[in-house]
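The values are calculated or read from the model by the stated rules, or taken from the named source; none is laboratory data. No experiment lies behind these values; they were computed from the predicted model shown. Neighbour counts are summed over all protein chains in view; Cβ atoms, including those assigned to glycine, are modelled from backbone coordinates with ideal geometry. Areas reflect the complete protein model, heavy atoms only, side chains present, ligands, DNA and RNA absent. Shrake-Rupley method; radii C 1.70, N 1.55, O 1.52, S 1.80 Å.
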Amino acid sequence: MSLSSISINRPVLSTVMSIAIVIFGIIGFSYLGVREFPSVDPPIVSVSASYVGANANVMEEQVTEPLEEAINGIAGIKSITSTSSDGRTRISVEFELGVDMEAAANDVRDKVSQAIRRLPPDIDAPIVSKADADAETIMIITLQSNTRDLISLSEIANNLFKERLQTTPGVSSISIWG
């Protein structure tokens, strides 16, 4: 006899077997170790620079391109993406997974400091930072009212929400726009 004919002739047996498989799966899943779910943060280093009064084309030609050329020689780079806008540029350098983040960030800092002499003299110093996956925005709260104005809503956000959320363990920073 085959499994399919037994399942057709005895539907209760096939149902019990299916439930047993599901129960064993749930039990097995609860005993999986933490090492089976590693925390993999993408190794990304960001370079941001600002140049007051420059349009996007000037930022691209005089700031972004020299920085990209300098950064491009670092070993272990997977991809480089950049965004230039009026007065600001941001370069994201993604490294291969096996690269040490501290060494990669130091290499980027070294290359950026070498490229500073090719940048316009009145540009703000470029800022090199490591991307932290745990520092992403987790929650956004929007306040709106038909009876209150923007100033009173900002006061409520600062005095009520911000004060209460800052006392929560694990909260690192709170930003309020308005």
Single residue of the stretch 1-42 satisfying the filter (in contact with a helix residue (DSSP H, G or I) (Cβ under 6 Å, 6 or more places away or on another chain) and farther than 30 Å from Glu94 by Cα) that is modelled with the highest pLDDT: Ser14
Can you give me the ranges of the strands (runs of 3 or more DSSP E) entirely in the stretch 1-120 with at least 3 residues that are within 26 Å of Ala131 (Cα to Cα), among the β-branched types (Val, Ile, Thr) and touching a residue at least 24 places away in the same chain (Cβ under 8 Å)? 44-50, 88-95
Let me confirm something: among Arg90, Arg10, which residue is surrounded by 12 or more Cβ atoms within 10 Å (Cβ to Cβ), farther than 30 Å from Arg117 by Cβ and out of contact with any Asp or Glu (no Cβ under 9 Å at 6 or more places or on another chain)? Arg10
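Conditions tested, residue by residue: (1) aliphatic (A, V, I, L, M); (2) over 30 Å from Pro121 (Cβ atoms).
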{"residue": "Thr64", "(1), (2)": "no, no"}
{"residue": "Leu67", "(1), (2)": "yes, no"}
{"residue": "Ile74", "(1), (2)": "yes, no"}
{"residue": "Ile77", "(1), (2)": "yes, no"}
{"residue": "Thr81", "(1), (2)": "no, no"}
{"residue": "Gly87", "(1), (2)": "no, no"}
{"residue": "Ile91", "(1), (2)": "yes, no"}
{"residue": "Leu97", "(1), (2)": "yes, yes"}
{"residue": "Met101", "(1), (2)": "yes, yes"}
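Results for (1) hydroxyl-bearing (Ser, Thr, Tyr); (2) open to solvent by less than 70 Å² (accessible area, probe 1.4 Å); (3) farther than 30 Å from Gln62 by Cβ, shown as yes or no for each residue.
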position: Asp100; (1), (2), (3): no, no, yes
position: Pro121; (1), (2), (3): no, no, no
position: Ala131; (1), (2), (3): no, yes, no
position: Thr142; (1), (2), (3): yes, no, yes
position: Thr147; (1), (2), (3): yes, no, yes
position: Leu150; (1), (2), (3): no, no, yes
position: Glu155; (1), (2), (3): no, no, yes
position: Asn158; (1), (2), (3): no, yes, yes
position: Thr167; (1), (2), (3): yes, no, yes
Tell me yes or no: at least one residue of the stretch 22-43 is under 28 Å from the mean Cα position of the chain (by Cα), open to solvent by less than 80 Å² (accessible area, probe 1.4 Å) and of a type in the set (S, T, N, Q). no
Can you tell me which residue within the stretch 140-178, out of those that are assigned to a helix (DSSP H, G or I) and among the hydroxyl-bearing types (Ser, Thr, Tyr), is modelled with the lowest pLDDT? Ser154
Got at least one residue in the stretch 121-131 being modelled with pLDDT under 85 and either more than 30 Å from Ile71 (Cα to Cα) or not acidic (Asp, Glu) (or both)? yes
Kindly evaluate Val52 against the criterion of being open to solvent by 50 Å² or more (accessible area, probe 1.4 Å) and either aliphatic (A, V, I, L, M) or modelled with pLDDT of 90 or more (or both). yes
